[in-house]
Structures are given as structure tokens and as C-alpha cells.
1. Give me the extension gain from ASN290 to GLU27: residue separation times 0.36 nm, minus the current Cα-Cα distance, reported in nm with one decimal.
2. Less than 21 Å apart at the alpha-carbon level, and either on another chain or at least 8 residues along: which lysines does that give for LYS384?
3. Give the residue from VAL227, LEU78, ALA129 lying farthest towards the positive end of the charge dipole for the range 13-255; charges sit on Cβ (+1 for Lys and Arg, -1 for Asp and Glu) and the dipole is referred to the Cα centre.
4. What trypsin sites (Lys or Arg not before Pro) does the range 224-306 have in DSSP loop regions with at most 14 other beta carbons within 10 Å?
5. At 0.36 nm per residue, minus the direct Cα-Cα distance, what do ASP430 and ALA154 gain on full extension? Give it in nm, one decimal, please.
6. Compute the length gained on full extension between THR120 and LYS474: take 0.36 nm times their separation in residues and subtract their Cα-Cα distance, giving the result in nm to one decimal.
7. For every helix of n ≥ 4 consecutive DSSP H residues, a contribution of -39,500 (n - 2.57) applies; sum these over the chain, divide by its total residues, and give [θ] at 222 nm rounded to the nearest 500 deg cm²/dmol.
8. So what's the convex hull volume per residue for the Cα atoms of the range 464-518, in Å³?
Amino acid sequence: MNGLMMSGELLVSSLIVHADRHHGDTEIVSRRVEGDIHRYTYRDCHRRARQLANVLTGLGVKHSDRVGTLAWNGYRHLELYYAISGMGAVMHTINPRLHPDQVAYIGNHAEDQYLFFDLTFLPTVKLIAAHCTTVKAFIAMTDRAHMPQDTGIANLLCYEELIDAASDDYAWPSFDEDTASALCYTSGTTGNPKGVLYSHRSTLLHTYSAALPDALNCSARDVILPVVPMFHVNAWGLPYIACMVGAKLVLPGAGMDGKSLYELLETEQVTMAAGVPTIWQGLLSYVETNGFKFSTMHRTVIGGAACPPAMLRKFQDDFGVHVLHAWGMTELSPLGTVCALKPKQLAASPEERYAVQAKQGRAVFGIDMKIVGEDGHALPWDGKTSGELLVRGPWVVNSYFRNEGDADLQIDIEGNGWFPTGDIAHIDADGYLHITDRNKDVIKSGGEWIGSIDLENIAMAHPAVFMAACIAVKHPKWDERPLLVVVKKPGADLDRDALLAFYEGKIAKWWTPDDVAFVDALPMGATGKILKNRLREQFINYTLPTV
Ligand code: ADP
């Protein structure tokens, strides 16, 4: 017997309709590539998204066609999010920090029909335009006055001109909620990037769950600044969440440096920001150097890479900003776990609380997780037995776009498919996940595993260390041993022995790195994460003093 309740498709367009109707005068503030600050409201955003849907229809964009973007976090990008998905086409965000060859590869693989871009990325578009075999026109996201001249791009259109000429009379169509809404390729640190194709249903369910109090805890009283880019995994879903709850959105554009971010956080009275640890490192060092405080920001979501406990303490103890440590992946839309505390932990000592907060947290409702040993059997949740993390749920990838590489699901005895994350973790009895490493980054020493994240976290707690990464280096006796690669804080005085002495008493002695290499900078990937594979190549012939 079926229930007797109304049914309706879960569609991305309903989010902007809701934001317009219930939070029509709530602001969206953007730092533009043109240099100024732009502000308007959800009502304006919805109107222009409808105009844009008419533009796209006029250009011949059909249901399920892919439309690409190369853009920062800004209001025009947001309009594209809603116009493209809302009309039933597929919003394909491309990471502009990738090599132009990879951008062209991704655009061709996705068969993008149009490519919208921020002016910053004109040089990339110039390089790839002739190689984008399916793109009918390139649209510069600016007005006529800022349109670039003599670009050599044959079919170049102006965003604002197209919008100005379009009517805002557009009714969002209804269709099957399993229809594809957005496409995002993984970073492709190994091999070619693979496309993860989100659906309207997966996006809406992810949005509901991610907004919950023990997840990202968002409401109409929030002012949210996503530093995480809208060009990678939908800025952790925040553009959708903000509409669902009616929060004010502050979009930082290209201004990812400490000074630009701090300015926006203060002038727009941001209550919550989200980003990867390397971004916060830049912001914290700017704020500390200038003796500033955060006057309205009271929490920050840190994920994408492990949040060093030293950063957690700095935010909370020195600045009164609560840290929400989160874990996710492109293949998970991206949210999997968030570290929200339970009452018994709130009552515990600060040290115990910090130990919990350094973990990646509990699964949000909708995500099922387990850790398995090499034989595929589930391991106990005892906070110490570690294995590979597998997940499943309605916003987890089932297979990659156009079957490019299998998602390689592992099937359990009940016939359920689980996505192997490639992360090594343990889970405690309260359900808190702790990632110790990525499969390919783990250091295998004498048949035992050393977690590189723990070693980096200790280094990051040293006052003279700005950034640290730990990699495996070949060793004739032990197979691999840890090498710590460090960027010192400007003007800091630190040598190898002093840093290694800092490990004493904090970990098992045999985990201590064999050596420290000081460098000026670490290789960073397109999503702001340290590229350990690049670092391993760089130090491939490194001779450890213990050899
Ligand atoms: P890529 O890094 O290939 O672009 P994603 O952006 O999807 O892929 O990143 C997913 C990976 O990032 C995870 O599998 C995990 O290794 C790492 N990661 C994400 N959040 C955290 C976290 N809080 N702590 C440790 N690792 C994390």
C-alpha cells in the first residue's frame, strides 16, 4: 500500500524559487573581477537566472546538454548554477587552475555546448578555443564596456548583453528528479580526470542533510562566505544550502589572499566561512601579523585536507572561532562527515574535546560508512583498528560519466555497492571517523604503516613552521621511511634537529621522520591541496641520513 501524500520532483530550481519568495531581499555580495564589490538580492538573482534560461534556450541549449563554466565564486556564476540546472541542462563547472590541456580535455569529454568564463581566464580560453570541438560559442562573463578586444576567438559573446536582451518571463520546467543537474571532474592527480554527474535528487538530498545543525548548521541568520570554489564540487554545496535556508551569501571572487578575505569577512559581517587548511593558513597569518580579530565570524568549516590541530586551537583559543572539521570528496557531492560534538564531549576536558575535534567527525544522515581490511571484511569501530573507508548513500557516485573508469564499487554479501574512497581511517565507538592517510600517501616502513597526516600535524604545531608535508622515501632496509618537507615562517629560525626533537614523546619513536628538507614552497594542486605525488617525484633520489 502506498502512502497518500503528495509527490513532487526534487529539483534545483525549487531552491532559487524558495529563496526569492521567502528571502527575496536577502543579499548576495560579490567581489568582481572588474575590481568592485557588487551587491544584489535573491530576487534579482532569480530574475536574472530566468533571463539567462531564456538566453540559453535561444542559443539552442536542450535538456541534458552540458554547459561549461570557468569562473570564480561570484553572482554571475550563481546565476549560471540555477539557470543551467533549472532548465534541465547540465551545469559543468571546470577547474580553471588545471593545465589548459586538461581544461580542453574535460570540455571535449563532457561535450560542452557553450563555455562561460570570467575575464581572468581569457588566456586559457584563447589557448583552448580552437581545440574545443563541441563548443558553439564562448561567453565572457562581463559587460560590453569590459569586453576584451582582438582575442582571436571567433565566436565570443558578452554575458550582460545577452541578459539585457532577454525576457525574464520563464517558467522552470518540471522533469524527473533523477535527471543530471551538474558535472564535476575529479582533480585527476593520477591519470585523466573523471566526471562525477550529480542529479537533481542527489543535490537536493545533499542540501537538506548538509544544512542540518550537526552538519554545517546553516540558517537564515547566517552570512556565509564560501572560500571553497564554485568550480570544484559546487563549493561544498553552499550555493544550494544558502538558498534553502535563506542565508546571505558573500562570494570572494579571485580575492583568496588573507587581506581580501579579511576585508570581506568584516565589512559583510560574515558569520561562517568554509575552506581548505592552506587558505586559512594565509588568512590566519595575515590577521595575526596585523593584530586583528574577527568581529562576527563565529565558526569555520575546514575540510578537503586534514585540519592541523594547531590551526584548530588557534581559531578557537585565540580568535573565538569554532572549527567544524569536515570530510568529503567530489564523488560524495561532497559531504560525508562533520565533526559536531555530542553532549558528553562538551562536558569533557578541553584536551579531550580537542582530540575529538581533530577527527573528521560523524557521518551526516544519508551516508553509510564502514572500514574494511584487505580481505574486504568490516573492521570494528574501536578508534584504533584502521582500514580502507567505504561509503554509500543517495549522493555517492555510482559510476563515472561516460563510463570513464569504473567507480569500482565493492559489493557486500547483501548485494549493496560501496564506494571505495581510497582513504585509510579508523572509527570510534561514537561513530567519529579519523582519516590517517590516503592509500597512496601512506608510508610503509618495515611492514608497518606510518600515517603521514599525524606527522604533519605535529610539525604544524611548531611555532616556526608555516607548512609541512610528509612523504615516503625509499630505504634499503625499511622499504620506506618518512621525510618531512617544511616551509618555515618568514624569518623563523629552525633546523632539522630542533624540529625532530619536537616529536619526542608525541609519537612512537620509530615514527619520527628520518630527515627534514626545508623548501621555499610546496607544490599545490588545483584545489589548494599539497601535491604529494609531485613532492615524491621531487625527492625521488633523496638519500636519507639513516641509509
Ligand atoms: P581531489 O583531492 O582528488 O580533488 P577531492 O577534492 O574530492 O579529490 O578530495 C577528496 C579527498 O580529500 C579525500 O578522499 C581525502 O583524502 C581528502 N580529504 C578531504 N577532507 C579531508 C579531511 N577533513 N581530512 C583529511 N583528508 C581529507
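None of the figures in this text is laboratory data; all of them are computed from the coordinates on show. Bear in mind the structure is a predicted one, so any value in this text is a computation, not a measurement. We place every Cβ from the backbone using ideal geometry, glycine too, and count neighbours over all the protein chains shown.
1. Length gained, ASN290 through GLU27: 91.8 nm.
2. Those lysines meeting the cut-off are LYS342, LYS344, LYS359, LYS370, LYS440, LYS444, LYS506, LYS509.
3. Toward the positive end, the furthest listed residue is VAL227.
4. Qualifying residues, ordered by number: LYS293.
5. Between ASP430 and ALA154, full extension yields 93.5 nm more.
6. In short, 123.3 nm is gained.
7. Value at 222 nm, helices only: -7500 deg cm²/dmol.
8. Per residue, the Cα convex hull of the range 464-518 comes to 76 Å³.
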